[in-house]
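Student: Below is one structure. I have some questions about it.
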Amino acid sequence: MFLQAALPAVRCDYTAFETYEYDSGTIKSRQLNCKIQVFSCSEDQYTPSAESIEGWHEMTDVECEVVRIEQGSQFVFMEKDQMQMIVEALLLL
């Protein structure tokens, strides 16, 4: 039952991931007017270097902060307390 309900959403996610093409020509007209905080992991196979995620700066006309987590490849699986500390520190800035 759960699989039948979740499978269409998962398929859509994979389709979006596999077919997405970045178009830098339209970014300026759709910039956000808010601060962006980008999280990345040091061992993430899709963003192997900090430089590869610097493009997020183009998505806002204000501040963009890149938070590089120097452990593992999936920060969402970090200890809850550790992730909470990181998010709270960013929110209090």
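Throughout, read-outs are computed from the coordinates displayed, never taken from laboratory work. Given the structure is predicted, the values throughout are model-derived calculations rather than measurements. With ideal geometry, Cβ positions are generated from the backbone for all residues, glycine too; neighbour counts draw on all protein chains shown.
Student: Measuring from label point to label point, each 7 Å out along Cα→Cβ, what is the residue 37 to residue 19 span in nm?
Tutor: Each label point lies 7 Å from its Cα, and together they span 3.4 nm.
Student: Among 67, 62, rank each residue by its count of other Cβ atoms within 10 Å, from fewest to most, as a rough exposure measure.
Tutor: By the 10 Å Cβ count, ascending, the order reads 62, 67.
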